[in-house]
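Participant: Structure below; questions to follow.
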Amino acid sequence: MKTTLTARHMDLTDVLRAELEHKLHRLDRVTAEDAEASLELIGHASHASQEAHVAELTLISNGSVLRSTAPGATALAAVDAVLDKLERQIVRRKERPRRVRERIADEADAVLARAGIGALDGASETQTPLIVKNKRFDLTPMFEEDAITQMDELGHAFFVFLNAESERVGIVYRRRDGNYGLIDPVLSRRGGRP
C-alpha cells in the first residue's frame, strides 16, 4: 500500500513518521495491494486537551474512496481512532451489497438453498407444498411509477398494487436487465375469452 504523510502546525519527525507508517500497515489486511492512503495530521486543532490533534485519512482502494477524521489527545491517539473508524467502514462496505440487484440475487440464492434443503430432507415431489405465511394488506390506488418507487424503497423484487388508471390489481417487478416489468392480470370468462 502506498502511503502519504503530511502534517500541519506540527513537526513530523522521523521517529513519528516511522511509527505512523507502521500503524498504517494495519490497513494492508483489509485493502487491495494497490491501495493508496493519505494521512494528514493537524496539531493544535482545538484548545480542548482531548482534541488537541486531528487525523484525516483518505483511502483509495479498488476504485472506491473512503475518508475518515478523528480527534485525539496525541497524534498517535488520533491516528488510532481514525484507523478504527476506517476499518469499520471497509468491513461494512465489503459486507453490504452495492446494488439492489445484488441484494435480490442474494435473496434468490437463499430461497433456492432453502428449497434444496427441503428436497434433501426427504421431501418428495408428490407432496403438495404448504402455505406457511399469509399476508393481507390494504390496496390503495396508485400509478405504476408510484408502485415502482414504493418497491425500491422497500427493497423488494416485486410489488402488488391497485392501478389507479385501470382500477385493477397489478404487479410491478424488477427485471435482470435493470428495467421494470408490469403484470396486468385479466380475468378470463368461461369461454376462454377475456
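Coordinate-derived values only; no laboratory data. Given the structure is predicted, the values throughout are model-derived calculations rather than measurements. So basically every Cβ, Gly included, is an ideal-geometry build from the backbone, and we count neighbours across all protein chains shown.
Participant: Normalised by the empirical 2.2 N^0.38 Å for globular proteins, what value does the Cα Rg of region 2-95 take?
Facilitator: The reported ratio for this selection is 1.05.
Participant: Name the trypsin sites (Lys or Arg not before Pro) in region 128-194 that are in a loop by DSSP and that have at most 15 other C-beta atoms within 10 Å, would you?
Facilitator: On the way: sites: LYS133, LYS135, ARG136, ARG168, ARG174, ARG175, ARG176, ARG189, ARG190; in loops: LYS133, LYS135, ARG136, ARG168, ARG175, ARG176, ARG189, ARG190.
The qualifying sites are LYS133, LYS135, ARG136, ARG168, ARG175, ARG176, ARG189, ARG190.
Participant: Given the Cα-Cα distance of SER38 and GLU165 and 0.36 nm per residue of separation, how much length would full extension add, in nm? Don't skip to the end; give the middle numbers.
Facilitator: On the way: separation 127, 0.36 × 127 = 45.72 nm, distance 5.56 nm.
40.2 nm is the gain from fully extending SER38 to GLU165.
Participant: Ok, one more. Counting other Cβ atoms within 10 Å, which trypsin sites (Lys or Arg not before Pro) in region 1-103 have at most 10 and lie in a DSSP loop?
Facilitator: Working: sites: LYS2, ARG8, ARG17, LYS23, ARG26, ARG29, ARG67, LYS85, ARG88, ARG92, ARG93, LYS94, ARG98, ARG99, ARG101, ARG103; in loops: ARG98, ARG99.
Those satisfying the criteria are ARG98, ARG99.
Participant: Can you list, largest first and rounded to whole Å, the semi-axes you get for region 138-194 by taking the square root of 5 times each eigenvalue of its Cα gyration tensor? Before the final figure, lay out each step's value.
Facilitator: Working: eigenvalues 107, 41, 14 Å².
Semi-axis lengths for region 138-194 are 23, 14, 8 Å.
Participant: Pop the C-beta distance of ILE131 and THR13 into the FRET formula with R0 = 41 Å and round what comes out to the nearest 0.05. Present the calculation step by step, with values, prior to reporting the outcome.
Facilitator: On the way: r = 71 Å, r/R0 = 1.73.
So the FRET efficiency works out to roughly 0.05.
Participant: What number in nm² do you get for region 23-69 if you take the convex hull of its Cα atoms and divide its surface by four? All intermediate terms of the calculation are to be shown ahead of the outcome.
Facilitator: On the way: hull surface 14.4 nm².
Here the figure is 3.6 nm², rounded to one decimal.
Participant: Next question. Please identify every one of the GluC sites (Glu not before Pro) in region 12-43 that sits in a loop by DSSP and has no more than 11 other beta carbons within 10 Å of its own beta carbon.
Facilitator: Values: sites: GLU19, GLU21, GLU33, GLU36, GLU40; in loops: GLU33.
Sparse-neighbourhood loop GluC sites (Glu not before Pro): GLU33.
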